[in-house]
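I have placed the structure first, in the form of structure tokens, so that the comments after it can refer back to it.
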Amino acid sequence: MSLHFEVSGPNSQPHVRAVDRRPPELVGGVRLYGKAPGPFTITWKQSARGPRCRTTRKSYKAARQFAGELSDMLASGEIIKRDLAAAECITYVSARRKAQSIGESVPGIIDKYTEYVQKLLALDPPATVDEAIRSYLSHRAPGLLSLNVPDIVKLLLEQKAKHQVGAKWLRTLKFQLERFAEAFPGPIRMIQPHEINAWLGKLDVGLVTRRHYHDAMRELIRFAQAENCLDKNWDGLKHIANPEPPPVEVKLYTPEQVAGLLACCTPGLLPFLAIQFFAGVRHEEMSAGEKALVDWSDVLWEKSLIRIRKITAKTKKLRLIKMQPNLVAWLQPYARKSGRICSIRCTGDALYRLGKRAGIPWIRNGARKAFISYRLAQTNDMGLVAREAGNSQKVIESNYLELVTEQASREYFAIFPPAQDRIIQMDFAFGR
């Protein structure tokens, strides 16, 4: 308590009034004045010879916090710029300390925040940072591994390579998933179905290829769920458009064309081509880069069968294909106990050049389609043909079923190699 003398006017007698003047609370070099309920005054000097600065706060808590931060800043040698208020300087210093506690800088956080807000505002409809955080937390199941899409893709491809899947299929899967990982490098659980739909729409591919991408993403999602990188209840794939492509009519090789292709075929390619035409073995089941698949040990002469082992088959199921007499005749001159049936590395290019020589354009998958169509006309047994081809009856009906007459089928399986001891008379024989 202190006494304060006051004089009200020129003729007034001085009187004494008691004033409650508490000494200031010192917070480092900062002074804090006032009493509840406030306001409270904070004063300080920026330098020994500088003027005393002053500000106020409504509550003691706010004033005490401000005084503490200001005292720490002054003690650490922080300089308050003339064009910034003290409060702004303290706010900046506090923000910098918080940023440093998470290994960031204030400019870095501002840049990232601005980038994220711009991306969210570009969405249709726009989203806020709070909405993005809530969405992230709702999709993050407890215990999930924190792996980004490129890491998951790498693990998946390594697993597929160990399981010795078809090299051609693996190359396609690698191309599609790496392209997907490039577009979505973050955590897989954060990808939204509408983002994938937008990405697929920008690929500029046909509906068939789009479905292949859809299948590749399904493979990736299943793997991510199995590896605990994605919630097992995640069902976003059903919201990704997967339109049915229109049916494509593919021309079927006639018996005359098949005979023409075989007549122009080189010895190194002929067994490979004959097995496709007359046994329907898939191209990739016999030719997969450095990996030998169906080889001469799978030609079972004593049983007149071609064996497609589980490790070789695209469907991973064993299948046996009955060799027709004409196929036996085509293969016998080249028969060996084991080894590759075709040593040509780029069989696709070799087949294309064959078509150019014969004057018959090579049809992709045309040899297998021809076998299935003519074999079905020969046997009238779709179940048998499906087992030999390694397909379902539904797939054969939708992709391979052609109206082939029994006569055309007889001509097809009567295509034999020219031989001195066997001359096959055909109305379409070359040179007749």
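The values are calculated or read from the model by the stated rules, or taken from the named source; none is laboratory data. Quick caveat: nothing in here was measured; it's all calculated off a predicted structure. Note that each Cβ is placed from the backbone with ideal geometry, even for glycine, and that neighbours are counted across all protein chains shown. Only protein heavy atoms, including side chains, enter the accessible area calculation; ligands, DNA and RNA are left aside. Shrake-Rupley method; radii C 1.70, N 1.55, O 1.52, S 1.80 Å.
When Phe175 is evaluated against the numbered criteria (1) surrounded by 13 or more Cβ atoms within 10 Å (Cβ to Cβ); (2) at pLDDT 70 or above, which criterion, by number, is the only one it fails?
(1)
Is it fair to say Pro325 is surrounded by fewer than 17 Cβ atoms within 10 Å (Cβ to Cβ) and either within 19 Å of Pro417 (Cβ to Cβ) or of a type in the set (Lys, Arg) (or both)? Lay out the reasoning, then the answer.
Details: surrounded by fewer than 17 Cβ atoms within 10 Å (Cβ to Cβ): yes; either within 19 Å of Pro417 (Cβ to Cβ) or of a type in the set (Lys, Arg) (or both): yes.
Considered against the rule, which asks whether it is surrounded by fewer than 17 Cβ atoms within 10 Å (Cβ to Cβ) and either within 19 Å of Pro417 (Cβ to Cβ) or of a type in the set (Lys, Arg) (or both), Pro325 comes out as yes.
For the subset of segment 343-369 comprising residues that are of a type in the set (A, V, I, L, M) and either over 16 Å from Ala259 (Cα atoms) or assigned to a helix (DSSP H, G or I) (or both), which member is most open to solvent (accessible area, probe 1.4 Å)?
To start, the set of residues in segment 343-369 that are of a type in the set (A, V, I, L, M) comprises 344, 350-351, 354, 358, 360, 363, 367.
From the residues that got through so far, the ones that are either over 16 Å from Ala259 (Cα atoms) or assigned to a helix (DSSP H, G or I) (or both) too are 344, 350-351, 354, 358, 367.
Values: Ile344: 50, Ala350: 9, Leu351: 2, Leu354: 0, Ala358: 28, Ala367: 1 Å².
Out of the qualifying residues, it is Ile344.
Search segment 188-211 for residues that are hydroxyl-bearing (Ser, Thr, Tyr) and pair each with any residue that is surrounded by fewer than 13 Cβ atoms within 10 Å (Cβ to Cβ) and assigned to a helix (DSSP H, G or I) when their beta-carbon atoms are under 9 Å apart and the residues are at least 6 apart or on different chains.
That search, which allows pairs on different chains as well, returns nothing.
Given the options Glu195, Glu182, name the one that is open to solvent by 60 Å² or more (accessible area, probe 1.4 Å) and at pLDDT 90 or above.
So the residue among Glu195, Glu182 that is open to solvent by 60 Å² or more (accessible area, probe 1.4 Å) and at pLDDT 90 or above is Glu182.
Considering only segment 295-303, I want to know if a residue exists there that is surrounded by fewer than 21 Cβ atoms within 10 Å (Cβ to Cβ), in a loop (DSSP other than H, G, I, E, B) and acidic (Asp, Glu).
no
Tell me which residues, restricted to segment 108-121, are of a type in the set (S, T, N, Q) and over 23 Å from Pro193 (Cβ atoms). Quick ask: steps written out before the conclusion?
Taking segment 108-121 first, the residues of a type in the set (S, T, N, Q) are 114, 118.
Residue satisfying the conditions is Thr114 alone.
For the list (1) assigned to a helix (DSSP H, G or I); (2) open to solvent by less than 60 Å² (accessible area, probe 1.4 Å); (3) closer than 28 Å to Pro125 by Cβ, I need the number of the one condition that Leu203 fails.
(1)
What's the number of the only condition in (1) under 19 Å from Val385 (Cα atoms); (2) outside any strand (DSSP E or B) that Arg307 fails to meet?
Exception for Arg307: condition (2).
Here are the criteria: (1) under 16 Å from Arg368 (Cα atoms); (2) modelled with pLDDT of 90 or more. Tell me which single one Glu284 does not satisfy.
(2)
Looking at (1) among the charged types (D, E, K, R); (2) at pLDDT 85 or above; (3) closer than 30 Å to His194 by Cβ; (4) open to solvent by 90 Å² or more (accessible area, probe 1.4 Å), can you tell me which one Asp124 breaks?
(2)
So which of Arg57, Arg64 is touching a residue at least 24 places away in the same chain (Cβ under 8 Å) and under 60 Å from the mean Cα position of the chain (by Cα)? Give the steps one after another, and end with the answer.
Details: Arg57 fails: touching a residue at least 24 places away in the same chain (Cβ under 8 Å).
So the residue among Arg57, Arg64 that is touching a residue at least 24 places away in the same chain (Cβ under 8 Å) and under 60 Å from the mean Cα position of the chain (by Cα) is Arg64.
Do we have any residue at all in segment 83-97 that's modelled with pLDDT of 75 or more, within 30 Å of Met190 (Cα to Cα), open to solvent by 70 Å² or more (accessible area, probe 1.4 Å) and outside any helix (DSSP H, G or I)?
Scanning segment 83-97 turns up no residue that is modelled with pLDDT of 75 or more, within 30 Å of Met190 (Cα to Cα), open to solvent by 70 Å² or more (accessible area, probe 1.4 Å) and outside any helix (DSSP H, G or I).
Residues in segment 291-337 that are charged (D, E, K, R), farther than 25 Å from Gly383 by Cα and out of contact with any helix residue (DSSP H, G or I) (no Cβ under 8 Å at 6 or more places or on another chain): how many?
Looking only at that region, the number is 1.
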